[in-house]
Structure formats: structure tokens, C-alpha cells
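Only one structure is covered here, and it is reproduced in the block below.
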Amino acid sequence: MTANDSSLSEERIAYLEGLVRQARTAAAVFTQYTQEDVDRIVKQMVLAGLEQAQHLARLAIDETRLGVLEDKALKNMVATEFVYDYVKDKRTVGTIREYPERGVAEVAEPIGVIFSLTPITNPTSTVLFKCIMAIKTRNAVIFSPHPSAGHCCYEAVRIMYEAAVKHGAPEGVFTCLQSQTLQDNAFLMHHKDVGLIDATGGPGMVKAAYGSGKPALGVGPGNTPVYLEKTADLNMAVVDIITSKTFDNGTICASEQTVVIDDEIYDIVLRKFAELGTHVCNEKETEILGRTVIDPTTGFMLPMAVGQKAIDIARMVGLSVAPETKLLIAPIAGVGREYPLSVEKLFPVLAVCRANSVDEALKLCVDVNHAGGLGHTAVIFSRNDEVIQKFGEVINAGRIIVNAPGSIGALGGIYNDMVPTFSFGCGTGGGNSTMDNVNVYNYLNIKRVARRTPAHMWFRVPNQIYFGMNAVENLRHFPSRSTVIITNPAMEQIGHVDVVRRNIPPETHVHVSVIPDAEPEVKVVMQGVEALNFYKADQIIALGGGSVIDAAKIMKLKYESPQADLEELAAPFLDLRKRVIQYPTEKVNRARLIAISTTSGTGSEVTPFAVLTDKAAGRKVTLADYSLSPDVAIVDPQFVMSMPKGLTADTGIDCLTHALEAGVSILSSPYTDANALQALQLAFKYLPIAYENPGDEEARTMMHNAACIAAMAFSNAAVGVNHALAHAFGARFGVAHGRANALMLPHVIAYNAAVPSKFMPSPNQKGYVAHKKYAMMADLLGLGGETVEEKVQNLVAAIEQLLDQLAFPRSIADLGISKEEFELAIPDLVRIAFEDPSWRSNPRMPLLTELAELFWSAYRGRSLAKLPSKRQQKAVDERLCV
Amino acid sequence: MTTMMNVCLEIDEKHVVVALQESCDKLDAAVGDVMLDFSAVPRIDPSGLKAMEALAGAADDKGIKVVLRGVNVDIYKVLKLAKLSSRFAFAN
């Protein structure tokens, strides 16, 4: 069936099209209304509904012959007064909720035209409820009532419509089909201008609504299990169940269907039921009821009994009961097709079932729940919180009513604080799109206006950093009972260990653990941890380059948290604050880690990183967490005075790369910029001097400081694609880290300074600024240049000149790697570089093809940067004193 | 290209329907485009919308373009939802 269905006459189609057009116009006009406008109209509609509650109840009873007049009137009042109480202060127009701390606002957008089907069981109350919801949310509704409740529903719509329009609602906001057919419904369900189908009723109607392909609120049948547990207040429970199951002769689909009663109280409960005007059927009567009110073919209830009084049902099926009987109780032995009365019965017939344990009772309730009641409603009477909790866990129902009547409890607002409704969403279990008590928010499209919220930044470094010649003397200020010095053989040989020892307070027991001068292996780390445990160390001094300090960081981690799984801690992450794996916070020994660096490059003495080699697996494991940062850093140049030239150059360029990459990182901040720029200035000035004159104390001191300061920058702003490339290339061809960085550096700067082919998402950056920051660096270095482009070129030229001065190979080809060999390696290099986390803070997101291009540029050397003009070259020369 | 604009009416907030009906009547005499100034209209009701639909129909029949000037965004959205916006031209 479609909106162009040929089974409808042209006249009928024109009529239906007219209804939709009228509703569409009303809905369009309604978008201009304010919250105050709709609130004023809703209040007047509610008053009109309350005024007519009994009149509409009478009409419903007369037309449908279902239910109880008094209860129908009560339902009409709940549908108006209680719903109004819930919606009156709710914002449904414009901005309805704001979360300033998240920068998010929710803004209401009406749906437009709603096609609404209403049931026979609660005809007028459902119409009243939906009219109020529609006006509150500025929607227009075309009603299609159940054919056997058409007149009363039409009257309810009329009363609501007149009250609404009288107080300012747009004309045409409600219409009600009369004498409609299934074809009419199908036409409207498929109409392109209908925004939502709200189908309250039987499964066929709900299925048709969902089958239309339109957004639909389809609610439907239930089969409410009740667990009457032995700790319950039995008097209250029995009265509540009778109240609920007889309410409007059981027509509310949330009403009780099968009560599962604990064995201990079963007989007492039945006696109480009997005392309060119910008829407890014997086996024969139950059998008669089962085959007369339930269709033996389909297993569903027969319409003749729906909404009828117990006494009338008894008469219909030939049972002899007392005239005051209000409810028929039918004991059954189980749930399923062989027990016909275990299904939904929208009339005052209630099945009861005995359970020998809580477990059995819960299983029986689950059975009832799955016998046509998934997602709808369930009830428990108990004082045992554990049982209540378990019931809530195992039963699939949108409304789990505790110690209250099911039907009236599920309506909300009377026995509990649930949202008042006349439409019970049953979730996916019931084939519905919602499990809510359908309410005004189901009649709105809620838009989220999300403001940009820059992530909070940080600047974290060790809280004690001692620097300058003889800064090692500060070790005297750190009391320790047992100190273990982690170092490598060279440090012992050249006497650095003795220098450290001399500065440790004399009362301290000092032990030295010498590890190989290479990236630490798991085995080495675990041996170190054994030593720490053996000596019960309360202080660890790492004396060496990056490898030794990294080893000490991991030793401390395992010493303090023996259960730490290094493999797991190395899990990849994108954002430090949102990482899946958290580092352990408990510390068994509370030992202090003091890092004394003997090279001027990695800055490991202040960084939260450590690299471990897993030889067995043939790979490196990078650990990153601020808990790894040393507690104290000592930056004493006496330990680097004897660094050889090659190491001075390699580590110095590593430091320079840290500064440059942290400077343009998407995580850079004024705090990291301050460090990056200072380090850049120091390295540019003092690296050539330290390289040419290794004994120059000032140059050594400043380069040692530069390395530490650059590390403070990249500890917080991270590095970039240069490091990703260098890691991949260095590991593949066995090239030292600093040297590998140097080969990539000019090309990466030129790459980052160009307009990116792909921008990196960076909430903390306003626009693309990498090229400007490079220009700022050039200005700081006094390299000259008029435009940003010139300044970047001057920076590249200056770096190339520095690399020449430090006698670095200027291309990968210069290392003797053949083009063929390199070409073969490229796919792996690109893959590994892309897997490296370093580039994730790069200002420009590298594409795989771009990584390959960068590798090739580095292979050829010097080709990316434009040659500087003579004027620019002169400025560079002057700056570098060449 | 010059566009002749021989009818230009200001629409009064309180008499939208009447003004639109008058505009409709003037279409017979129109040679070029018709411009209606909505600057003073903050909101439109269903009868106004119906009158606009009628005007659009009449203008279509006569091959005349109706230009709406100064329509606020709320009314513009109403015209969009009522599927009438494509039948008018808009000017600020």
C-alpha cells in the first residue's frame, strides 16, 4: 500500500490529501509559536477536557460497550490533569535544556504532521492525552480512531480542537477521520508529508505503522506477570491487584495477567482474594474459562470478553458465581499453550500460579513475560530488595512496578513518579522504537547545538629540576636508607658513578646495578627490579643517557606495581586523558627516582616516556604516562663534558627536533611554546660551539639545558611526523636516532609549512598556524625574511647549514643505501611510520603517499626547500657567524 | 536586463489576508514583477498562508513573478514547511 494506492477513489484521495495539506499548513504556522503561546493553549485544553471528562466517558461506554464509566471518567481526568501536571513546566519550544559546562544546548524542532491511531480500550483518554502532547510540542495531528470508537473519539478531538483554536492554536491543527478504512490508514501512513505515525493499539496496527517505513511510535500488547513474594504486604498486594485488574474491567494493557505466588503464602493469598469479592475457580471452571475466553486456534483472548464485567463473563461461559463477584481467579499450573489463561486477558480474569522457590517464581514470570508481554509491564510485591533487584534484571519490561497496581501504576504519576502516559513503549522486545512511557519528548526532534569546547591542556614536569655545573651536589638533600644506582659500564669507567656516590649522604647504603648500554630489554628490567627488591631501595638514581633512564623508569614501575602488565600498558591510545588502559596508581615501596642525564638530547630525565625492547617478540614497546616521569631531574653539565663529537651532534639535533616539533604540534600551548622557543634558541647558538669546542663549558651547559627544556616542551606537546619517519627509518637501517631525525628535518618543515592536503583535527588550534610558527621561530633566530614563506625558507636554510656544519650526511643516498634497496623498503617504512603514534600531534595529517614522498625527499636530500636568496643567505650566515 | 516592478505593496501585520487579496486583484494590471513588503509582518496564520497560496496560483496563471521583500526567517521557514517558498522570489 502506498500513498498513490489505486484502491482508493479519486474523491477519497482528494479528501485525504486535503486533510494532510490542512495539517501541514497548521504545523508550518505553528513553528512560529512561543513557549508561552503553547502553554496558554494547553492549559485551556486541559480545563476543557476536565470539564468534559464524564461526558466523554459516557460516550465511550455507550459506543464501545467496554469498561466502567467511573473508571473511564477517571482515565480522562488523568489524561488531562496528570499529564498537564507533568508537562506544564516542561520546555518544549526553542532551547529546552542547556548544559553550559559541556557547551551543549538542546533545541526543540516539531515533527510537523503526526498520523495517530487510537485504540478501542482507552479511546477518549488516549485522544485527550495525544492532543495535549501535540499542542505542547507544536505539532498537527490527523487522528484515526478504532472503528468501534469513532464517534467518542471524534467528539474528544472536537472538544480539544475548539478549545485550542479558541485560545490561539492554528486552524486545522487536529482532524479526525470518520468512517475510515484500512486503505485510508495505509494511504496516510505512507504519505510523504506525514512525519510520524503514533500507533496505540493492537499488534496488526503497530506492525502496519512500522511496515510503512515511516518513523513510528508503535506501542502494543502486553502480558503482565506479577510476582507476589512471601515478604510482601499481602493485604496491600491483594487489594492493589484487585483494584488494578478490575480497573475499567481490565482494559488497560498494563494490567495484571498472571500472578505467581510463593508456595508459603499461596493459600493465604487465595483466601484473601476470595474474602474480597473474587471468585477462585476450581479446576473444572478454569478449564471452561480457558477454552471459552481464549481462542484455541490462535491462543489469543476472544474479543467478546474484552472490557466486560466478571459476572457477565461468568454468565457467558456458564459459571455459577456470586452476584458481587468482581474478578475471576483461575489457578494454573504453568505457562504456555497448554495453559490458555497464561496469555493477555483484557478483562477481569486473572491467572494465578504457585511457585516453590524464588528461582522458580522468577522463571515463571520470565515465561509469562515472553508469552506476549516482552517490553511492556511487570509487577512485583515484595519487601526483599534483592528479589526486587533480581526481578528488575531478568524481566524485560519498560515499566517494572513495585508494590503498586500494574495498570494504574504504569500510567504514571499516581502510585509512582513515572511519566504519565496512555502509550506504553515496549522497546525492541515488543517491536517498538521506544520503551518510554510515551511523552512530549517523543513528539519532538531534539537538536543539539554543540559549541566548540577546547580540551583542557596541561603542563606537567618533575617538580624538582636541579641544573648547572655541580648540580649533582643536590643529592645531599635527599635522605635515603638504601639507594640503587642504575647505570652502564661507561659511566663506571669514566668515574661518573664515583661523582654521584660522593654526593649521596654518607648514612645511605649505596648499591650499583650496571646494565648494558643499549635500549633496555625486559630481562634487564626484571633483573633491575630484583636488585631493587633485594636492597629494599627507597631511592633509585638513574645515571646515563636515555636508555639507562628509560630502564630505570620501567624498573621503578614494576618495583612499585609488580602486577603491572607492560604489554597491556603499551596499548595504543589517541588522547592521554581518554586512554583505555590506566597505569597503576598504588605504590608498594614509594621509592624516589632521580634521573641524571649524561647526554644532551633525549631529555629523558624529565619525560613521561620509556622505550623497552622485547627481543623475544622482535619489537619495541613504548610506555607513556606521567607516572613514569622521574621525581627529580639533575641537569649537570659535568657529565657531558666528555661526550664525543658524533654523539654531541646526534643528540643535539634530537634536541633541536624536539623543539621544532613541539613548537608546531597541535598540542602546543603558550607553556610548551615558551620552552620550545627557548630550547630552539639555545640549540641554534650553542650546538655548533659544543660540537667544535667540546671543552666549552658554557656551550655544554647551555646545550644540556636546551635538551631538558625541549623535553619539557615535547613531554606536554608531543612530537610530530619527523619522529615517526625517523623511528621507522632508523630501526630499518640501523641509523642513530638523531641522525635519522636530521635526514628528515628540512623536508618535514617544508611539508608542514605548505597548505595541508589533509588537516589534522585540532580543537585547541584556531586555524592552520604551523607555517606562521616556523616564521616566528625564524624571527626569533634573527634569520630575516619579509614574508612568512621567506622566513620559513630561511629557517630551512639555516637548519641545512647547521647540519652541514655538524657534518651530517645530507641524504639517505649519502649513507650508501642504494635506490633499489630503499625502494624495496618503502612500503614497510610507510606502514611503520603510519603506525607510529608520534605523528598524531603533527599539525598536518600525513597521507600514506605523503609519507612515501617525504622518505623519497630525504633519500634525494636538499630538494624540497627552495634555495634562499642571496640576501636571505647573508642573514643566515651572519646569524650563524659563518 | 531591467525588471519592471509596477506593483509594490507593504503588507500590514494586522491585515495580511486583505492585503494579499488586494495584491491578487492587482495582478491583472501588472506588467512586470509584483513586490510585497513583509518587513512589518512578524508572524503569519493559516488564513494568511492560504491567501499566499492563492496569490501564488494567480500569479502563476498570469506568468507574473511575486517577489517577497523583508520576510523574516520564521515566516520563511513556514513557507518552506508549507511548500510555498519555491513559488515566490525573495529579496532583502
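Using a 1.4 Å probe on the protein chains only, how many percent of the accessible area of the protein assembly as shown belongs to carbon and sulfur? Write down the numbers at each step before the final one.
On the way: 21500 of 40350 Å².
The value for the protein assembly as shown is 53 percent carbon and sulfur by accessible area.
Return the average number of partner chain Cβ atoms within 10 angstrom of each residue Cβ along peptide A:25-37.
Details: counts 11, 4, 3, 12, 11, 3, 7, 9, 2, 1, 0, 0, 1.
Mean partner shielding for this stretch: 5.
Given charges of +1 on the Cβ of Lys and Arg and -1 on the Cβ of Asp and Glu, with all other atoms neutral, how large is the dipole of region B:7-91 about its Cα centre, in debye to the nearest 20?
Taking the Cα centre of region B:7-91 as origin, the dipole is about 360 debye.
Rounded to the nearest Å, what's the spacing between the alpha carbon centres of region A:584-627 and region B:32-92? Just the number, please.
71
Mind jotting down the three principal axis lengths of region A:82-167 based on Cα atoms? Whole angstrom, largest first.
Over region A:82-167, Cα extents along the principal axes are 52, 24, 23 Å.
Could you list the trypsin sites (Lys or Arg not before Pro) in region A:471-558 that lie in coil according to DSSP, counting only those with at most 15 other Cβ atoms within 10 Å of their Cβ? Write out the running numbers ahead of the final one.
On the way: sites: A:R476, A:R481, A:R501, A:R502, A:K523, A:K536, A:K553, A:K556, A:K558; in loops: A:R481, A:K536.
Here the sparse-neighbourhood loop sites are A:R481, A:K536.
For all pairs of alpha-carbon atoms in chain A, what percent lies in each bin of width 20 Å, listed from the first bin to the last filled one?
13, 29, 18, 24, 14, 1
Bin width 5 Å, origin at 0, all Cα-Cα pairs of region A:476-611: what percent of pairs per bin?
2, 10, 20, 22, 22, 13, 6, 3, 1, 0
Largest first and in whole Å, what are the equivalent-ellipsoid semi-axes of region A:181-249 based on the Cα gyration tensor, each being the root of 5 times an eigenvalue? Please list the in-between numbers first.
Working: eigenvalues 313, 29, 16 Å².
Rounded to whole Å, the semi-axes are 40, 12, 9.
Whole number in Å², please: accessible area per residue of chain A, 1.4 Å probe, ligands, DNA and RNA not counted. Intermediate values should be presented prior to the final figure.
Values: 35350 Å² over 882 residues.
Accessible area per residue, chain A: 40 Å².
Tell me the Rg and the Dmax, in Å, that the Cα atoms of chain B produce.
For chain B, the Cα radius of gyration and maximum Cα-Cα distance read 12.0, 37 Å.
Enter the buried accessible area of the B/A pair, total of both sides, probe 1.4 Å, in Å² rounded to the nearest 100. Spell out each step's value before the answer.
Values: alone 5600 and 35930 Å², together 40350 Å².
Adding both sides of the contact gives about 1200 Å².
Send over the per residue convex hull volume for region A:636-720, Cα only, as a whole number of Å³. Don't skip to the end; give the middle numbers.
Details: hull volume 6.0 nm³, N = 85.
Taking the convex hull of the Cα positions in region A:636-720, it is 71 Å³ per residue.
Any chance you could count the Lys pairs in region B:7-91 whose alpha carbons are under 21 Å apart, treating pairs 8 or more apart or on different chains as valid?
15
By the scheme Lys and Arg +1, Asp and Glu -1, what is the net charge of all other residues having a beta-carbon under 14 Å from that of A:E568?
On the way: positive: A:K558, A:R579; negative: A:D565, A:E567, A:D614, A:D625.
Taking every other residue near A:E568 into account, the sum is -2.
Distance from the Cα centre of region A:7-82 to that of region A:639-701, in angstrom?
78
Counting helices only, and only those DSSP H runs with n ≥ 4, report the 222 nm mean residue ellipticity of chain A as the sum of -39,500 (n - 2.57) divided by its residues, in deg cm²/dmol to the nearest 500. Please list the in-between numbers first.
Details: 31 runs with 393 residues, N = 882.
Computed ellipticity for chain A at 222 nm equals -14000 deg cm²/dmol.
Tell me the per residue accessible area of region B:7-91 using a 1.4 Å probe; a whole number in Å² is fine. Could you put the intermediate results ahead of the total?
Details: 4140 Å² over 85 residues.
Accessible area per residue, region B:7-91: 49 Å².
GluC sites (Glu not before Pro) within region A:765-801: which are DSSP loop residues with at most 13 other Cβ atoms inside 10 Å?
Working: sites: A:E786, A:E789, A:E790, A:E800; in loops: A:E786.
Answer by residue number: A:E786.
Could I get the Rg over Rh figure for region A:229-291? Both from C-alpha atoms, Rh via Kirkwood, rounded to two places. All intermediate terms of the calculation are to be shown ahead of the outcome.
Working: Rg = 12.4 Å, Rh = 12.8 Å.
When Rh is taken as the Kirkwood radius, the ratio is 0.97.
Would you tell me the mean number of C-beta atoms belonging to other protein chains that fall within 10 Å of each C-beta in B:79-86, as a whole number? Present the calculation step by step, with values, prior to reporting the outcome.
Values: counts 1, 2, 11, 8, 5, 2, 0, 0.
Mean partner shielding for this stretch: 4.
Taking every DSSP beta bridge that has both residues in the protein assembly as shown, what percent is antiparallel when rounded to the nearest 5? Could you put the intermediate results ahead of the total?
Values: 22 of 100 bridges.
That works out to approximately 20 percent antiparallel.
Please identify every one of the chymotrypsin sites (Phe, Trp or Tyr not before Pro) in region A:420-459 that sits in a loop by DSSP and has no more than 14 other beta carbons within 10 Å of its own beta carbon. Before the final figure, lay out the partial values.
Values: sites: A:F422, A:F424, A:Y441, A:Y443, A:W458, A:F459; in loops: A:F422, A:W458, A:F459.
Here the chymotrypsin sites (Phe, Trp or Tyr not before Pro) that fit, given the DSSP loop and packing criteria, are A:W458.
For region A:137-195 and region A:255-328, write down the distance between their C-alpha centroids in whole Å.
Measuring centre to centre over Cα atoms gives 38 Å.
Which pairs in the list A:K558/A:K587; A:K245/A:K326; A:K75/A:K136; A:K309/A:K345; A:K230/A:K309 are over 18 Å apart, alpha-carbon to alpha-carbon?
Checking Cα-Cα distances, A:K75/A:K136; A:K230/A:K309 exceed 18 Å.
Give me the inter-chain shielding for B:44-51: mean count of other chain Cβ atoms within 10 Å, whole number please. Present the calculation step by step, with values, prior to reporting the outcome.
Values: counts 4, 7, 12, 4, 1, 6, 5, 0.
For this peptide, the per-residue mean of nearby foreign Cβ atoms is 5.
Go through A:294-303, A:525-534, A:187-196 and give me the packing order, highest mean Cβ count within 10 Å leading.
Values: A:294-303: 14.1, A:525-534: 18.1, A:187-196: 20.8.
Final packing ranking: A:187-196, A:525-534, A:294-303.
When we measure straight from the Cα of A:K166, which aspartates and glutamates land under 15 angstrom away, once same-chain ones fewer than 8 places off are left out?
Counting by Cα, and skipping residues close in sequence, A:K166 has these aspartates and glutamates nearby: A:D37, A:D39, B:D45.
Using θ = phi - 60° and the Karplus curve 6.51 cos²θ - 1.76 cosθ + 1.60, what whole-Hz ³J(HN,Hα) does each residue of region A:753-767 get, with Gly and Pro shown as x?
So the Karplus estimates, Gly and Pro as x, are 7, 7, 5, x, 6, 9, 7, 8, x, 8, x, 8, 10, 9, x Hz.
Where does helix A:546-560 land angle-wise versus the long Cα axis of chain A, in degrees 0 to 90, nearest 10?
40
Taking a cut-off of 19 Å between Cα atoms, list the lysines near A:K766, but don't count ones fewer than 8 places away on the same chain.
Here the lysines satisfying the reach criterion relative to A:K766 are A:K758.
The values are calculated or read from the model by the stated rules, or taken from the named source; none is laboratory data. Keep in mind the model is a prediction, meaning the values are calculated, not measured. FYI the Cβ positions are ideal-geometry reconstructions off the backbone, even for glycines, and counts take in every protein chain you see. Side chains are part of the model used for accessible areas, which takes the heavy atoms of the whole protein and leaves out ligands, DNA and RNA. Shrake-Rupley method; radii C 1.70, N 1.55, O 1.52, S 1.80 Å.
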